[in-house]
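Encoded as structure tokens, the structure appears first; notes follow it.
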Amino acid sequence: MPPALLTAVDSTRHVHLIIGSNPLAGARCTKSLEVGAVAKLIAPADAELHYGLVKRIEEKEVDWIQREFQEEDLKTLGREEVDNVVDCVFVTLGARHPLSIRISTLCRRFRIPVNVADAANLSTFTLLSTYSDGPLQIGVTTSSKGCKLATRIRRELSATLPHGLGVAVDRLGTMRRKIWEEDHAAELSMDLEAEEDDAGQNATFNKLITPEDAEAARTRRMRWLAQICEYWPLQRLAAVTDADVDTVLQSYSNSEKSGLDPAVLDNRRRKARIVLAGSGPGNPDLLTRATYKAIVTADLILADKLVPAPVMELIPRRTEVHIARKFPGNAERAQEELLEWGLAGLKAGKNVVRLKQGDPYIYGRGAEEYDFFQSHGFTPIVLPGITSALSAPLFAGIPATHRSVADEVLICTGTGRKGAPPDPPQYVETRTVVFLMALHRLSALVDSLFLDGKKWPRNTPCAVIERASCPDQRVIRTTLEYVCCAVEEEGSRPPGLLVVGKSCGVLYKGTQKWVVEDGFKGLDELMAPADMTTLQEMAVLPPAVAA
């Protein structure tokens, strides 16, 4: 079977006849309206209309003809300029409906384009899965072999296109029109599409443009435009502005150069950006690839004080780094200072990364920073991190949930706004509670859990997990009764968190008042030298990490 002829039809003011009242009929009406056509729906008065159709009919966007289809409809409901013949017909009733075959036969006889749902043999045309960006349209068809597949192919193709390409197409089209008008003022009636791709390229297409004669000077702008459309990267074309169009039009009037520097256009695409990135619990191998890419390409990094040294060591030496100067009593001012540094970097055109421990939106003030930068005209890119609230218990051998033991997890802060103590949760036997930022006021927190309204048993298992996933990770396993004494005697090793609940005793069965476990080697077996070499050869692991 030969391939179908793909065309782009100007459907402005065309009359599209839609037969049916189901959701597909609603979709066909929507598509017809999108392309500027007049949608006329034929369905019985007692038909159950899809809610989308009802809304469009109420808003008088769709003309509902409340009766069964009649043969005369094909020749009486269209535009006057084409003798009232409709421009195309969509039948949404399905291939087995008797009316589908009848309408298809009539449309073929009258040479009216017809599309019957799920019936390629009854259709004279099919709709493409389309991507639209201004004047740019991309359509994909599988020739009725699978609409889902066509949609997926269209999605993946469109995802590779640079942002703003549709606007660039419009600008280049404007440039082409102006060049043609200036160079061929006497030939304005000619068809601009005479230069279509199917005509091929002549022998002089790639010839160096020089002002050797008047004819070459007259046509060099159009030849230059054809060449950049053919050879320039799409990202560079998308960077063309209205000012660039004027520059080209003026420069080529009295010069052999376009006046556009490709390097300038390429640099223009590299605009300032702000990334809010989570660095995870501490081990650099737990960074997401997106965060790693952000770190190694940043011009300026603003890091939390508690981001571990192994993660900070990934930052290239050329990168400017500021670490939050937060200490008790100065947290708010230090936060403001970070935001000021970030805003100054963005205004200077830099790529700024705000590197946070854990996840930006889990007690990381990420939303506050997002709102700040967005209010100043810079919308952040937010990259997730593995939060220690869930990963630290895992590395300590504590399942946050476990059948018949814990069926819910609650993440709390141990320090409220401006240092105020938060209201702790009530005891629920089947709940695991993770307290972040709590160890510096552990005694007050534990005392609040023993209050009459909270009812936490003193023998509830708990664990203090410090520097989770780092080589110097430490876990103190105990109960609420002894946790304060344990931390006081063993000392503090921030950052750390407190996990409380019966899940702390699922994999650990101890009888001592507390037990201390030092060190973390949970990822060692994944990092054998042979494995590292293999990953580097596969370009999965950057050389800096492999080293």
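The values are calculated or read from the model by the stated rules, or taken from the named source; none is laboratory data. Source: prediction; values computed, not measured. Neighbour counts run over all protein chains shown; Cβ positions are idealised from the backbone, glycine included. Accessible surface areas use protein heavy atoms only, side chains included; no ligands, DNA or RNA. Shrake-Rupley method; radii C 1.70, N 1.55, O 1.52, S 1.80 Å.
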Of the residues Gln426, Asn459, Thr415, the Cα lying farthest along the dipole of the chain towards its positive end, which is defined by charges on the beta carbon of Lys, Arg, Asp and Glu, belongs to Asn459
Could you tell me what percent of the accessible area of the chain is made up of carbon and sulfur, with a 1.4 Å probe and every protein chain present? 53
Rounded if a/c is under 1.5, else prolate if a/b beats b/c, else oblate: with a ≥ b ≥ c from the C-alpha gyration tensor eigenvalues square-rooted, which is the stretch 333-372? prolate
Cα to Cα, under 21 Å, and not fewer than 8 places away if on the same chain: which lysines meet these conditions relative to Lys347? Lys271
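What do you get for trypsin sites (Lys or Arg not before Pro) in the stretch 53-92 restricted to DSSP loop and a cutoff of at most 16 other Cβ within 10 Å of the site's Cβ? The partial results should precede the final answer.
Working: sites: Lys55, Arg56, Lys60, Arg67, Lys75, Arg79; in loops: Lys60, Arg67, Arg79.
Qualifying residues, ordered by number: Lys60, Arg67, Arg79.
If you take the square roots of the eigenvalues of the alpha-carbon gyration tensor of the stretch 395-435 and sort them as a ≥ b ≥ c, do you get rounded (a/c under 1.5), prolate (a/b over b/c) or oblate? Don't skip to the answer; put the middle values down first.
Values: a/c = 4.32, a/b = 1.94, b/c = 2.23.
Oblate is the answer for the stretch 395-435, as a/c is 1.5 or above yet b/c matches or exceeds a/b.
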Expected field for Tyr361, accessible surface area in Å² at 1.4 Å probe radius, rounded to 10, holds 120
Nearest-20 debye value, the chain charge dipole, Cβ charges on Lys, Arg, Asp, Glu: 1340
Excluding residues fewer than 8 positions from Lys178 in its own chain, the lysines with Cα under 27 Å of it are Lys207, Lys257
Check each of the GluC sites (Glu not before Pro) in the stretch 347-430 and keep only those in coil by DSSP with at most 16 other C-beta atoms within 10 angstrom; list them in order. Glu429
For the chain the mean separation of alpha carbon contacts under 8 Å (6+ apart) over residue count, i.e. relative contact order in percent, is 7
Which entries of Lys293/Lys502; Lys356/Lys521; Lys356/Lys455; Lys305/Lys502 have Cα-Cα distances beyond 28 Å here? Lys293/Lys502; Lys356/Lys455; Lys305/Lys502
Rounded to the nearest 500 deg cm²/dmol, what is the calculated helix-only ellipticity per residue at 222 nm for the chain, with -39500 (n - 2.57) per DSSP H run of length n ≥ 4? -10000 deg cm²/dmol
Candidate aspartates and glutamates - alpha carbon under 20 Å from Lys513, same-chain residues fewer than 8 apart omitted: Asp447, Glu466, Glu481, Glu488, Glu489, Glu490
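Where the only charges are on Cβ atoms (+1 Lys, Arg; -1 Asp, Glu), what is the dipole of the stretch 338-472 about its Cα centre, to the nearest 20 debye?
On the way: 14 positive and 13 negative charges, 40 e Å.
Dipole of the stretch 338-472, to the nearest 20 debye: 200 debye.
Hey, could you get me the Stokes-Einstein D for the stretch 1-125, Kirkwood radius over alpha-carbon pairs, 25 °C and 0.890 mPa s, rounded to whole µm² s⁻¹? Each step should come with its number before you reach the end.
Details: Rh = 14.6 Å.
Once the numbers are plugged in, D ends up at 168 µm²/s.
Rounded, prolate or oblate: which fits the chain when a ≥ b ≥ c are the square roots of the eigenvalues of the alpha-carbon gyration tensor, with rounded for a/c under 1.5 and prolate only if a/b beats b/c? The partial results should precede the final answer.
Details: a/c = 2.88, a/b = 1.65, b/c = 1.75.
Verdict is oblate for the chain.
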Where trypsin sites (Lys or Arg not before Pro) fall in DSSP loop in the stretch 92-160, at most 11 other Cβ within 10 Å: Arg96, Arg111, Lys145
